[in-house]
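Structure first, commentary second.
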Amino acid sequence: IATVGDDRALRVWDASDLSSPSPLLQKLNAHSYSITSVAYSPDGSRIATVGGDNALRVWDASDLSSPPLQKLDAHSGFISSVVYSPVGSRIATVGWDNALRVWDASHLSSPLLQKLDAHSG
């Protein structure tokens, strides 16, 4: 289980035994501002995080002590949500700029695949 919050930390918990004295497996100060959303890739190998620093970051789920595998300033404002597509080939983000953006999960530095003006405010 991965959780995020206003403290800018990404935490990964041992879901097999949350009653253990130390179910927290890893903690990482992942962003420079509040983190609003987290998503595991369908195969569990990657964790994506987004937040108030306008950044989308993708982490190696097995080694959070390493720098992010990918980092992208994904929106012009606060990002509120992130999700992987069912097969893991795409990452979608939604921000306070009212845009839904779809990215190639393997190459965030590649051009944006799609942008929709998804909300009006």
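The values are calculated or read from the model by the stated rules, or taken from the named source; none is laboratory data. Here the structure is a predicted model, which means the values were calculated and not measured. Don't worry about glycine lacking a Cβ; one is built from the backbone with ideal geometry, like all the others, and counts go over all protein chains shown. What goes into the accessible areas is simple: the full protein's heavy atoms, side chains included, and nothing from ligands, DNA or RNA. Shrake-Rupley method; radii C 1.70, N 1.55, O 1.52, S 1.80 Å.
If the requirement is being hydrophobic (A, V, I, L, M, F, W, C), open to solvent by less than 50 Å² (accessible area, probe 1.4 Å) and either under 20 Å from Gly5 (Cβ atoms) or part of a strand (DSSP E or B) (or both), which of these qualifies: Leu116, Leu72? Break it down into steps so the answer makes sense when it comes.
Working: Leu116 fails: open to solvent by less than 50 Å² (accessible area, probe 1.4 Å).
Matching residue, one of Leu116, Leu72: Leu72.
Only residues that are surrounded by 13 or more Cβ atoms within 10 Å (Cβ to Cβ) and without any contact (Cβ under 8 Å) to a residue 12 or more places away in the chain were counted across segment 75-113, and they come to 2. Of all the numbered requirements in (1) over 18 Å from Ser106 (Cβ atoms); (2) open to solvent by less than 20 Å² (accessible area, probe 1.4 Å); (3) among the β-branched types (Val, Ile, Thr), Val38 misses one, and that requirement is (2).
Pairing residues of segment 8-31 that are open to solvent by less than 100 Å² (accessible area, probe 1.4 Å) with residues that are at pLDDT below 90 and charged (D, E, K, R), at Cβ distances under 7 Å and at least 6 apart in sequence or on separate chains, gives Ser20/Asp14; Pro23/Asp14; Pro23/Asp17.
Any residue in segment 48-69 that is assigned to a strand (DSSP E or B), touching a Phe, Trp or Tyr at 6+ places or on another chain (Cβ under 6 Å) and free of Cβ contacts under 8 Å to residues at least 60 places away in the same chain?
Yes, some residue in segment 48-69 is assigned to a strand (DSSP E or B), touching a Phe, Trp or Tyr at 6+ places or on another chain (Cβ under 6 Å) and free of Cβ contacts under 8 Å to residues at least 60 places away in the same chain.
Each residue in segment 55-68 was checked for being open to solvent by 50 Å² or more (accessible area, probe 1.4 Å) and under 13 Å from Ser41 (Cα atoms), and 1 pass. Kindly provide the set of residues from segment 75-88 that are more than 18 Å from Thr3 (Cβ to Cβ) and either among the aromatic types (Phe, Trp, Tyr) or modelled with pLDDT of 95 or more (or both), ordered by number. Scanning segment 75-88 gives Phe78, Ser85, Pro86, Val87, Gly88.
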